[in-house]
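Each reported figure results from applying straightforward, stated rules to the coordinates on display, with no laboratory input. As the structure is a prediction and not an experimental result, all values here were calculated from the model. With ideal geometry, Cβ positions are generated from the backbone for all residues, glycine too; neighbour counts draw on all protein chains shown.
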């Protein structure tokens, strides 16, 4: 639950928490999936999504400083991923956001700015990849690359000593991909500004099994600032020994350090179990033996030196991988996090992070299945961006003092929720209570079979056909077995606008169900009513999702009545007591 101080978050940080959440949800869900199935170039795919999100949301919310703040929030939210804080991706996300932010606002939020930003953000991946190889394997990697270039030129019979050609070719490819992502994001942003998001359709299975919030695993680990300092010292020590001492010394001491880290940080060895790491190990060692042996006349001696050089590079890589994993784990220490939170200069960031972490489970829970994401990626990206305003609304709700007194009448389909509410309405009107809202009575055919629903405006008594078993037209939205009339939905939304309910004593919504949990139906109207009105309400809710309804809207003053165990006079007396009419 958010605290009262969070009402001081300014607009740009609040919107940054939404964009950061959307971005982090793709990093966590799609990134974890790509990582688990070992998809090559997964970093490019995730950056592509990030560029689309940054470009499109910056079109919808053209606020200066939005992008770099959202990148900072997304980068820090990587701390909840299974590998604790992942330094590489965090640096990449923040750098990409900074490059996009500088470009978009330098060029006045034009398409040119988005294109340049997309190229720079995607190109960062290549720069960080090359830098990471040099950091992990040392400067000998540059030497190895130059010698490999010489060997390639010998094989193909082409000599120009242009070591930059392969890198520049790769850079060009990265830039093209970045431009494509920016164009898609620009188009999505413009489309969302011009047209509303499509209503979501829920089948019976989805209604029966509503998605539950994302729960991160909470494995206990005792963090230590002392160990964080020790890890830095050990890492610097072994890298120094590799550079300035002979092979025997750094092999023995390095092995002891690796064993120490492995005992405390068992997950740090995961990367070493991958076949790709050992394949790279063999290739680098063999290339070193081949290429470095060409330096001298004594073949056997230089092959040995080449093998040692390869082993040194790989050993350094193992040290860097495990060492950074150990440091990353210790950086998850709450004391470190709280230190930055308590700094006055980072209060906006701290509050935004709390908002983002509070909202992330809901966003992840509302993501479509991965199969759907990969079948229709552009459609899903459009839907994800289109929900930005809704999630901003959801976050805003958490700052409002919950003064609404809400009665929840829960029951399964056909148990009489609407009938009970209808009886309550009759009795309340006899007590001169002004009632607003909507009622959705069931409709039956000549054979007394349930075949649909109507919707009634409780103030004007106007009535429309809301749902039936057959589509009203092509692509009619549906929930469960029923197709819904979009005209009637628009009618209901108009009825539930706060300005149309100002002169009533109580608001009734029949019902708040699966569609609303999926941010559809009356969800936006409920947000507005809770924010702008203190009137008591009665909601009909589907049995089994009552707690999810309470959690979604952070309801505090609620009384729950089970329709099968409730006498109408219990509800009526409760409402009248609240209205001071008895």
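In nm, to one decimal, how far is the residue 462 label point from the residue 252 one, both placed 7 Å along Cα→Cβ?
Each label point is offset 7 Å from its Cα along the Cβ direction, giving 9.0 nm.
Per residue, what volume in Å³ does the convex hull of the Cα atoms of segment 373-467 enclose?
Numbers: hull volume 19.6 nm³, N = 95.
Value for segment 373-467: 206 Å³ per residue.
Find the Cα radius of gyration of segment 406-578, compare it with 2.2 N^0.38 Å by division, and give the number to two decimals.
In units of the globular-protein estimate, segment 406-578 measures up at 0.99.
With contacts defined as alpha carbon pairs under 8 Å and 6 or more residues apart, what's the relative contact order of segment 472-545 in percent? Can you show the working numbers first?
Values: 68 pairs, mean separation 23.6, N = 74.
Computed value for segment 472-545: 32 percent relative contact order.
Based on the mean of other beta carbon atoms within 10 Å per residue, what is the order of 176-188, 468-480, 410-422, 42-54, most packed first?
Values: 176-188: 21.9, 468-480: 14.6, 410-422: 17.9, 42-54: 23.8.
So the order, starting with the most tightly packed, is 42-54, 176-188, 410-422, 468-480.
Express in nm, to one decimal, how much length is gained between residue 264 and residue 447 on full extension, taking 0.36 nm for each residue of separation and deducting their alpha carbon distance.
Working: separation 183, 0.36 × 183 = 65.88 nm, distance 7.11 nm.
Full extension of this stretch gives 58.8 nm more.
Quick one: if you take sqrt(5λ) for each eigenvalue of the C-alpha gyration tensor of segment 524-580, what semi-axes come out, biggest first, whole angstrom?
Working from the Cα gyration tensor, I get semi-axes of 20, 17, 8 Å.
Could you work out how far apart the two model spin labels at residue 167 and residue 469 are, taking each label as a point 7 Å from the Cα in the direction of the beta carbon, and quote it in nm?
7.0 nm
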